[in-house]
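Enquirer: This is the structure, below, for whatever I ask next.
The values are calculated or read from the model by the stated rules, or taken from the named source; none is laboratory data. All values reported here derive from a predicted model rather than from experimental measurement. In this analysis, Cβ positions are derived from the backbone assuming ideal geometry, glycine residues included, and neighbour counts consider all displayed protein chains. For accessibility, only protein heavy atoms count, side chains too; no ligands or nucleic acids. Shrake-Rupley method; radii C 1.70, N 1.55, O 1.52, S 1.80 Å.
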Amino acid sequence: MNLEFTPEELAFRDEVRSFIAENYPKDLSSGGMRDDMSPEELTAWHKILGKKGWSTPAWPEQYGGTGWTPTQRYIWSEENARVNAIMPLPFGVSMVGPVIYTFGSEEQKQQHLPGIRSGDVWWCQGYSEPGAGSDLASLTTTAVRDGDHYVINGQKTWTTLAQHADWGFFLCRTDPDAAKPQEGISFILIDMNTPGIEVKPIKLIDGGYEVNETWLTDVRVPVENLVGEENKGWTYAKFLLAHERSGIAGVARSKRGVEQLRDIAKSEQLDGKPLMSDFDFARKVSQLEIDLSALEITELRTLAGEQAGKGPGPESSILKIKGTEIQQRLTELTLEAVGHYGTPYYAGMSDMGSNEYPIGPDYAQHSAATYFNMRKTSIYGGSNEIQRNIITKMILGL
């Protein structure tokens, strides 16, 4: 695989870099997503990209995609990671959008795709339940046909940012008597303002609020909100998860994280010398970089396959496993590098409106919170244990 950029690709990189420098919101330039951000802040870059026509680079051109090559999409990710840009949330762009343009009706495409591209409509995901996480096919939320509506009852959990959502995509059981549990599930789009929906916050141990319980009680949804065929939702759910898992890999941001880790390790001292000069620590950083380079090649192969018309398949499970493991190792090494500066926790840090500055350098402020938050990455999107089962069955044929 040739990893050298052509003159045309270098020109594209310069165009992207200039656009980001000129248009990325200056008030977000302090870096990265924070728990206390408003919906307007979280969608600001998305809306700018929507006006430019760059918010959905992986979509087919007929639905608003950019028509970029895999290398151009790679460059796009790299340049955004370079400035730690807050990218469009995945629920619309990377998850339900591809399901709608692949399996949805023309009416659904016309109704929903423009709002996803522009960032004007916020989506959430209704998959997991208290008794159905990695074993998603055991879900119990029901959708019962009543004339030209479904009546939906049940509970979803870990519904990320549902408190801001305009619409949600939900998996519901429409045939409780199906021979296999996967065969009785449907994929339904729900207006989150529909009567009977209650979103309850799940407060995290650090006081943050990004996930919810979502209760549905006699929620009436028009049958035209069914995507594809009734009882075929499992097929669409797997299609969506393959797209989600590919995006979870986060190669470009991990590369930026390794650069920051090296800078930290050059500043922090161990026995009077830079931490980066310690053999054991340097070995761990080098091994992380080697694994990240291998993952990067795998991601490029997957992008090339998508460009050739092959949707993400079981190889997305490899990206998900290795990507999340690398993210966790990266945050662990960062916490190790900052040492005791990572221990204190401040609910109101300087970048959250407090005038009390935490102990230690700025780069240590979020190290512990980020480390603990990243423990979830090997669970969401289908736990890594489940991903290994998929690889065993679909790739190795065992």
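Enquirer: State all residues of region 98-130 that are among the aromatic types (Phe, Trp, Tyr) and under 24 Å from Lys232 (Cα atoms); if no residue qualifies, say none.
Expert: First, the residues of region 98-130 that are among the aromatic types (Phe, Trp, Tyr): 101, 103, 122-123, 127.
Tyr101, Phe103, Trp123, Tyr127, listed by residue number.
Enquirer: Mind listing just one residue for me: the one in region 312-362 that is modelled with pLDDT under 65 and in contact with a helix residue (DSSP H, G or I) (Cβ under 7 Å, 6 or more places away or on another chain) and, of those, farthest from Ile390 (Cα to Cα)?
Expert: Tyr345
Enquirer: Residue by residue through region 252-283, note down the ones that are open to solvent by 70 Å² or more (accessible area, probe 1.4 Å) and either of a type in the set (A, V, I, L, M) or under 30 Å from the mean Cα position of the chain (by Cα) (or both).
Expert: Selection gives Arg253, Arg256, Glu259, Gln260, Asp263, Leu270, Arg283.
Enquirer: Pick out, from region 166-224, the strands (runs of 3 or more DSSP E) lying fully within it that include 1 or more residues that are open to solvent by 50 Å² or more (accessible area, probe 1.4 Å) and over 15 Å from Tyr127 (Cα atoms).
Expert: Details: elements: 167-173, 185-191, 197-202, 211-222.
Those strands (runs of 3 or more DSSP E) span 185-191, 197-202, 211-222.
Enquirer: Say we look at region 131-145 and pick out the residues that are touching a Ser or Thr at 6+ places or on another chain (Cβ under 9 Å) and of a type in the set (Val, Ile, Thr); which of these is most open to solvent (accessible area, probe 1.4 Å)?
Expert: Of the residues in region 131-145, the ones touching a Ser or Thr at 6+ places or on another chain (Cβ under 9 Å) are 131-134, 136, 139, 142-145.
Remaining after also requiring of a type in the set (Val, Ile, Thr): 142, 144.
Details: Thr142: 50, Val144: 86 Å².
Applying the filter and picking the extreme gives Val144.
Enquirer: While we're here: If you scan region 69-93, which residues turn out to be open to solvent by less than 20 Å² (accessible area, probe 1.4 Å) and in a loop (DSSP other than H, G, I, E, B)?
Expert: Ala85, Ile86
Enquirer: Determine, yes or no, whether Leu161 is on the phi > 0 side of the Ramachandran plot and touching a residue at least 12 places away in the same chain (Cβ under 8 Å).
Expert: Yes.
Enquirer: Restricting the first residue to region 54-66 and requiring it to be in a helix (DSSP H, G or I), which pairs with a second residue that is among the aliphatic types (A, V, I, L, M) meet a Cβ separation below 9 Å and a spacing of at least six or different chains?
Expert: What qualifies is Tyr63/Ile100; Tyr63/Leu113.
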